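**Q** The structure under discussion is supplied below as C-alpha cells; questions concerning it will follow.
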Amino acid sequence: MFEGALDNLGSLKQQYGLAKSANEVLLVIEAYKALRDRAPYPANRVVGHLSGSFAFILFDKSTSTLFVASDQAGKVPLYWGITADGNVAFADDADILKGSCGKSLAAFPQGCFYSTAVGGLRCYENPKNKITAVPAEEEEIWGATFKVEGPAVVAATE
C-alpha cells in the first residue's frame, strides 16, 4: 500500500533505472529490493531519499519482512496498534483499528519506519537514536505518542 506523492519521483526513477511510466508504488518496491539485495544495506536508506508526503506498507514475501514508513511531516495519515492476540496492525484510517486495538492505537510516528528485519521502530534520519513511547492521558483514545531521542546537547559557557 502506498498513499501520497513523491516530489522527487523523476530523479529516483532515473537512479533506479525505472521506466518513465513507473509510479510511486513501483519505485518503493524496486528501491526496497535493490537495497535489500545489497545487504547489509541499512533499511533507513530506502526512505532516506524519498521527498514528499507519503506513507507505505510493504511486505516482502521472500523474506517474510514487513516494512512500514511515513514521511518527515506525517502529512499522510497512518495508524498502528497491537491487537488483542498480540499482532501489530496498520491502517490509513483509525476507525478500522479502533475495535481491534483499543487503547494501543496510535498515530504512526512521522519520519520513522518499522521493520521486522531491524527489530522494530526506527527514525530514518537517526536510526541509532532510541524512540520512546509517551503514554497518552487516560481520556485520550490514542495509546501513546512517540519521541525520537537525540544526542545530548552540551551548552558552552565562557
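The values are calculated or read from the model by the stated rules, or taken from the named source; none is laboratory data. Source: prediction; values computed, not measured. As a convention, Cβ positions derive from the backbone with ideal geometry for all residues, glycine included, and neighbour counts pool all protein chains shown. Just the protein is used for accessible areas: all its heavy atoms, side chains included, with ligands, DNA and RNA removed. Shrake-Rupley method; radii C 1.70, N 1.55, O 1.52, S 1.80 Å.
**Q** Around Phe54, what is the net charge, scoring Lys/Arg as +1 and Asp/Glu as -1 over all other residues with Cβ under 12 Å from its Cβ? Walk me through the intermediate numbers first.
**A** Numbers: positive: Lys75; negative: Glu3, Asp7, Glu24, Asp71, Asp92.
Net local charge, Phe54 excluded: -4.
**Q** Compute for region 26-66: radius of gyration divided by Kirkwood radius, i.e. Rg/Rh, restricted to C-alpha atoms, rounded to two decimals.
**A** On the way: Rg = 10.2 Å, Rh = 10.8 Å.
So for region 26-66, dividing Rg by the Kirkwood Rh gives 0.94.
**Q** When the Kirkwood radius is taken over all Cα pairs of region 1-80, what Stokes-Einstein diffusion coefficient follows at 25 °C and 0.890 mPa s, in µm²/s?
**A** 190 µm²/s
**Q** Let me cross-check Ile96: its accessible surface, 1.4 Å probe, with only protein heavy atoms counted, in Å² to the nearest 10?
**A** So the heavy atoms of Ile96 present about 110 Å² to solvent.
**Q** How would Asp93, Asp7, Asp60 line up by accessible area, probe 1.4 Å, largest first?
**A** Largest accessible area first, the residues go Asp7, Asp93, Asp60.
**Q** What spacing in nm lies between the two simple spin-label points modelled at Gln15 and Ser64, each 7 Å away from Cα in the Cβ direction?
**A** Placing both labels 7 Å along Cα→Cβ, they lie 3.2 nm apart.
**Q** Suppose accessible area is computed on protein heavy atoms with a 1.4 Å probe; arrange Glu125, Glu24, Glu3 from highest to lowest. Write down the numbers at each step before the final one.
**A** Details: Glu125 125, Glu24 35, Glu3 75 Å².
Order by accessible area, largest first: Glu125, Glu3, Glu24.
**Q** At 1.4 Å probe size, with every protein chain present, just tell me what the per residue accessible area of region 1-80 comes to in Å².
**A** Heavy-atom SASA per residue in region 1-80 reads 53 Å².
**Q** Could you sort Val76, Val47 by accessible area so the largest value comes first, with the probe set to 1.4 Å?
**A** Sorted by accessible area, descending: Val76, Val47.
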